[in-house]
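Readers should treat all values here as calculations from the given coordinates under stated rules, not as data from a laboratory. The shown structure was predicted, so the numbers you read here are calculated from the model rather than taken from an experiment.
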Amino acid sequence: MRHPIRLLATVLATLLACAALTTTTTSPAGAESVTLWDPAGDADGYDITKLRVRHKSKRVTFELRQDQTPYWYEIRVDTPGPKKTYDYVVTWSIYGQRKVYVQTKKDFEDGGSNYVCRNKTAEVADDNSVLTFSVARSCFGPPKSVRVKAIAWDDQFGWKDRTGWTERAGVA
């Protein structure tokens, strides 16, 4: 009778250890890549359905999936620190030769043209359904983690769609 109980205890201990390990390694705050799924059909025109942020040692990459690429994207980037809404704004536009610009929140809200970083062109899928670009991590501090939200809009109708905040993506 003692042998089955000992075996059962060993199996349970192993399962609990595996469960603890899985929980620790897949925690969103420590994840290098975080994806936010936004409901399809919650906006007219430029409907963002997916926002992914990848936080690596040298670069932070953003991937946006939508039904069609808008005229403008604004990505708000929050880094750890005192309670606030966000620190940086990353903008992308079809007008700016599809370049990516990073500004502090203050400069962006003041309508300034001081950029923390300017980047090469972003990659747009042939069917305009996916936009991918990356920014040097140093443009944001460099932070230990980031969380982001995306806003898509056009010149004719104003804001079209916005996502909620992602979980924090920690540096790899």
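Quick notes on this structure:
- Extension gain (nm, one decimal) between residue 109 and residue 40, 0.36 nm per residue minus Cα-Cα: 21.9 nm
- Overall Cα dimensions of segment 32-170, principal axis frame, Å, largest first: 35, 30, 28
- The 3J(HN,Hα) values that the Karplus relation (6.51, -1.76, 1.60; θ = phi - 60°) gives for segment 123-130 are, in residue order, 9, 10, 4, 4, 8, 6, 8, 9 Hz. Gly and Pro appear as x.
- Taking each residue as 0.36 nm, the span from residue 120 to residue 32 lengthens on full extension beyond its C-alpha to C-alpha distance by 29.4 nm.
- Candidate lysines for bridging to residue 160, where Cα separation is under 20 Å - those fewer than 8 sequence places away on the same chain excluded: 50, 149
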